[in-house]
1. Just to confirm the filter: which GluC sites (Glu not before Pro) across the stretch 81-151 are DSSP coil and have at most 15 other Cβ within 10 angstrom of their Cβ?
2. Please report the orientation-averaged projected area of the stretch 17-162, defined via the convex hull of its C-alpha atoms, in nm².
3. Can you list the trypsin sites (Lys or Arg not before Pro) in the stretch 24-68 that are in a DSSP coil and have 15 or fewer other beta carbons within 10 angstrom?
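What follows draws every value from the coordinates through simple rules; no lab data is involved. Because the structure is predicted, anything quoted here is derived from the model rather than measured. Cβ atoms come from the backbone with ideal geometry, glycine included; neighbour counts cover every protein chain shown.
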Amino acid sequence: MPRKRASPLKSAPSVPTTSGREVDYGPLNTRLGYGLRRAQIAIFADFFVTFAAVDIRPVQYSILTIIEQNPGLFQTQVADSLGIKKTNFVAMIVALEKRGLVKRVPLEHDKRSYGLYLTDQGAALMPELHGLASAHEARIIERIGAETHAALFAPMKAIAAL
């Protein structure tokens with residue numbers, strides 16, 4: 001079992017350059033895309049630490065959650081809902097199948113298409129994954145406050161709809 005490390009969100013130390021010189025970010029400090037990407041890096045770093053013991057990545061958790069909430073969706077529907085290229089998605093599903101978490105079931109009306117379902121093992125794992133995700137989200141809320149956290153969703157959805 002991997003050793004649990006401290007969350008990157010709990011202690012956000014500044015990262016000095018190798019020369020020790022402070023970096024002037026110039027207009028990057030006012031570029032939303034840059035700020036969102038830096039936030040994503042910090043959030044993913046905490047996610048990786050939180051989920052290390054179960055060896056689940058953010059995209060895998062997203063896929064498993066969509067399948068859990070929508071059993072029987074086609075592979076294409078799950079991939080599209082998460083913005084994953086279909087060619088990349090197949091490899092992800094194969095990996096989750098090999099771990100015994102997901103199964104593809106041929107559809108009766110079209111044997112070339114598959115519905116995606118959690119296996120019993122996958123379904124049994126989901127409460128633990130959701131608990132880990134809740135702990136991860138709680139650290140984000142602790143860092144930015146519940147009000148700010150709640151207020152971020154609408155603007156992010158609007159940006160995603162560009």
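1. Values: sites: Glu97, Glu108, Glu128, Glu137, Glu142, Glu147; in loops: Glu108.
In loop regions of the stretch 81-151 (DSSP not H, G, I, E or B), the sparsely surrounded GluC sites (Glu not before Pro) are Glu108.
2. On the way: hull surface 48.4 nm².
Orientation-averaged projected area of the Cα hull: 12.1 nm².
3. Numbers: sites: Arg31, Arg37, Arg38; in loops: Arg31.
Answer by residue number: Arg31.
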